[in-house]
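Have a look at the structure below, then the notes.
The values are calculated or read from the model by the stated rules, or taken from the named source; none is laboratory data. What you are looking at is a predicted structure, and each value in this text was computed from that prediction instead of being measured. Quick reminder, even Gly has a Cβ in these numbers, built from the backbone with ideal geometry, and neighbours come from all protein chains shown.
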Amino acid sequence: MLIDEVRDFLSPAAAMHSVADVRVGLAYTAVQLDDGRCGLAYTFRDELHEGCCVISDAGTLAGRRASDLAEWTRSPARGRQTC
C-alpha cells in the first residue's frame, strides 16, 4: 500500500524528531515536529463508524518520537480509541 511506502521512506527522518504538538479534528489531524515542520492528514469519514470516539492516548502524544506515531499507520485506529 502507498501508506506503507511513505512510512518506510520517512522512517529514518522520523526517528530523529519528536512531536511538539498534535491537533485532532473530526476529519483532519495536524502534527508539528520539534523543528517546526508540520504535517496534515485527512481521515476519510466514509471509512469510519458513526459517532465520535476518544483517542485513549490523548494528552500524551506531544513529546513522543515521530516514528512511534508513524507506526500507527500499521493498524486500525480502533485499538487506540474508546467509543
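The table that follows gives values for the structure above.
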{"read-out": "Within region 57-76, considering residues that are touching a residue at least 40 places away in the same chain (Cβ under 8 Å), part of a loop (DSSP other than H, G, I, E, B) and of a type in the set (Gly, Ala, Ser), the one farthest from His17 (Cα to Cα)", "value": "Ala62"}
{"read-out": "Residues of region 60-83 satisfying the condition of being surrounded by fewer than 14 Cβ atoms within 10 Å (Cβ to Cβ) and either in contact with a Pro (Cβ under 9 Å, 6 or more places away or on another chain) or at pLDDT 90 or above (or both)", "value": "Thr60, Ala62, Gly63, Arg64, Asp68"}
{"read-out": "Tabulated pairs, region 32-45, first within 17 Å of Ala13 (Cβ to Cβ), second assigned to a loop (DSSP other than H, G, I, E, B), C-beta under 7 angstrom, 6+ apart or interchain", "value": "Leu33/His17; Asp34/His17; Asp35/His17"}
{"read-out": "Residue pairs meeting the criteria (Cβ under 8 Å; at least 6 apart or on separate chains; first within 15 Å of Trp72 (Cα to Cα), in region 1-16; second part of a helix (DSSP H, G or I) and of a type in the set (Ser, Thr, Tyr))", "value": "Ile3/Thr73; Asp4/Thr73; Arg7/Thr73; Ser11/Ser67; Ala14/Ser67; Ala15/Ser67"}
{"read-out": "Any chance Asp57 is modelled with pLDDT of 90 or more and on the phi < 0 side of the Ramachandran plot", "value": "no"}
